[in-house]
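Here the structure is laid out as structure tokens; the discussion comes afterwards.
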Amino acid sequence: MTTAFVSARSLDEALSALAGGARPVAGGTDLVVGARQGKAPLPETIVAIDRIEELRGAAAAEGRLRLGALVTHAEIAADSVVRERLTALADASAIVGSHATRVQGTVGGNVMNASPAMELGGPLIVLGATAVLRSASGERRVPVAELLIGPGTTSATPDELLTEVEVALPPDGTGSCYARLEYRRQMEIAVVGATAAVTVSDGKVERAGVAITALAPTIRLVPEAEAALLGSDGGAEAVREAAQAAATASEPISDVRASADYRRAMAEVVARRVLTAAVARAVGEQVDVPASSTLFAAGAVS
């Protein structure tokens, strides 16, 4: 089958192509690689959106951060607002694939690929991010938690294009962290991953969010883990209870990278380290980005 290729120079051109059945491509780090590996054939028509300027740029205003769909992982990881206020997102962006992947791959592509092992999903969900979807007939906003509905599946319709992701900047006293269990430092995807965001005020956790990655058909929030933290001092006992809740919520599979039993056992370990790091960041302690390199370095305490 021959694939037709269209390069859109405006958002209207791209939306018109989508209405006609085309599939969008930006960095191509998922679509093209998947086709080469035989996972899925290329669609009949591809519309390149990489020249659409209004899909670029990261900007903070009125208490929110806007990430255009074409913002790359490298740009997110280097952004000063992300590193200071939305640190879990920097943790995740800094370890996507390899350096080449990070300078080509985009937030829009990562989100719409909807892998249950995707790096950005946990941080975006825990931080309450919203996806902005556009079609020829209009625009709608969908929480990222509701956009990701299954492995490789979103709630977007075929004619909708993700144009940006919006994240509210959290209050002072908030720390967040994402880390994954990995076998190597480059070209890796999560075997087990966890995200936590906590807000500490007067020595007590007043807000909390916890999500697990690569442990269920979709990235999953764990309300039981959040409940274990709320009102606590964020100490070892509360963290232990929350980490156990995260492990209990997991529904892992066995595949070439790990068995379900191993993933389930490691879920508690990963969640505990991530929760501890998020609390530490919330009270002003330094945990270097990316957290995976710090929390799973040789000699790290379990």
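Here are the numbers for the structure shown:
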{"item": "Pair list, Cβ under 6 Å, 6 or more apart: segment 205-226 residue of a type in the set (D, E, K, R), other residue open to solvent by 10 Å² or more (accessible area, probe 1.4 Å)", "result": "E224/A245; E226/A208"}
{"item": "Candidate set from segment 27-42 (those that are within 20 Å of V165 (Cβ to Cβ) and touching a strand residue (DSSP E or B) at 6+ places or on another chain (Cβ under 8 Å)); member that is modelled with the highest pLDDT", "result": "G27"}
{"item": "Filtered residue count, segment 273-293, keeping only those that are open to solvent by less than 60 Å² (accessible area, probe 1.4 Å) and either aliphatic (A, V, I, L, M) or in a helix (DSSP H, G or I) (or both)", "result": "14"}
{"item": "Yes/no for G193 being crowded, with 24+ Cβ neighbours inside 10 Å and touching a Lys or Arg at 6+ places or on another chain (Cβ under 6 Å)", "result": "yes"}
{"item": "Selection status of L55, more than 21 Å from the chain's Cα centre (by Cα) and buried (at least 17 other Cβ atoms within 10 Å of the Cβ)", "result": "no"}
{"item": "Pairs with Cβ under 8 Å, 6+ apart, first in segment 48-74 and of a type in the set (S, T, Y), second surrounded by 22 or more Cβ atoms within 10 Å (Cβ to Cβ) and part of a strand (DSSP E or B)", "result": "T72/T106"}
{"item": "Pick from segment 121-157, criterion without any contact (Cβ under 8 Å) to a residue 40 or more places away in the chain and of a type in the set (A, V, I, L, M), ranking: farthest from T199 (Cα to Cα)", "result": "L133"}
{"item": "Helices (runs of 4 or more DSSP H) fully within segment 86-166 counting 2 or more residues that are open to solvent by less than 10 Å² (accessible area, probe 1.4 Å)", "result": "87-93, 107-113, 121-126, 144-147"}
{"item": "Index of the failed condition, I212 passing every other in (1) within 12 Å of L275 (Cα to Cα); (2) modelled with pLDDT under 95; (3) not acidic (D, E)", "result": "(2)"}
{"item": "Segment 232-261, residues that are part of a helix (DSSP H, G or I) and charged (D, E, K, R)", "result": "E237, R240, E241, D261"}
{"item": "Residue match in segment 247-254 (condition: closer than 23 Å to A90 by Cα, open to solvent by less than 40 Å² (accessible area, probe 1.4 Å) and touching a residue at least 24 places away in the same chain (Cβ under 8 Å))", "result": "no"}
{"item": "Segment 4-22 residues that are outside any helix (DSSP H, G or I) and among the polar types (S, T, N, Q), paired with ones that are open to solvent by less than 60 Å² (accessible area, probe 1.4 Å) and at pLDDT 95 or above (beta carbon under 6 Å, 6 or more apart)", "result": "S7/A48"}
{"item": "Odd one out for L65 among (1) assigned to a loop (DSSP other than H, G, I, E, B); (2) at pLDDT 95 or above; (3) not charged (D, E, K, R)", "result": "(1)"}
{"item": "Any hit, segment 15-26, residues being within 30 Å of D288 (Cβ to Cβ), open to solvent by less than 40 Å² (accessible area, probe 1.4 Å) and modelled with pLDDT under 95", "result": "yes"}
{"item": "Residue in segment 43-52 that is open to solvent by 20 Å² or more (accessible area, probe 1.4 Å), among the polar types (S, T, N, Q) and modelled with pLDDT under 95 present", "result": "yes"}
{"item": "Of all residues making up segment 207-231, the number that are part of a loop (DSSP other than H, G, I, E, B) and open to solvent by 60 Å² or more (accessible area, probe 1.4 Å)", "result": "2"}
{"item": "Hey, R263 touching a residue at least 40 places away in the same chain (Cβ under 8 Å), among the basic types (K, R), open to solvent by less than 40 Å² (accessible area, probe 1.4 Å) and touching a Gly at 6+ places or on another chain (Cβ under 8 Å) or not", "result": "no"}
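The values are calculated or read from the model by the stated rules, or taken from the named source; none is laboratory data. Worth saying up front: this structure is predicted, and the values here are computed from it rather than measured. Backbone-built Cβ (ideal geometry, glycine too); neighbour counts: all protein chains shown. We work out accessible area using only protein heavy atoms, side chains counted, and drop any ligands, DNA or RNA first. Shrake-Rupley method; radii C 1.70, N 1.55, O 1.52, S 1.80 Å.
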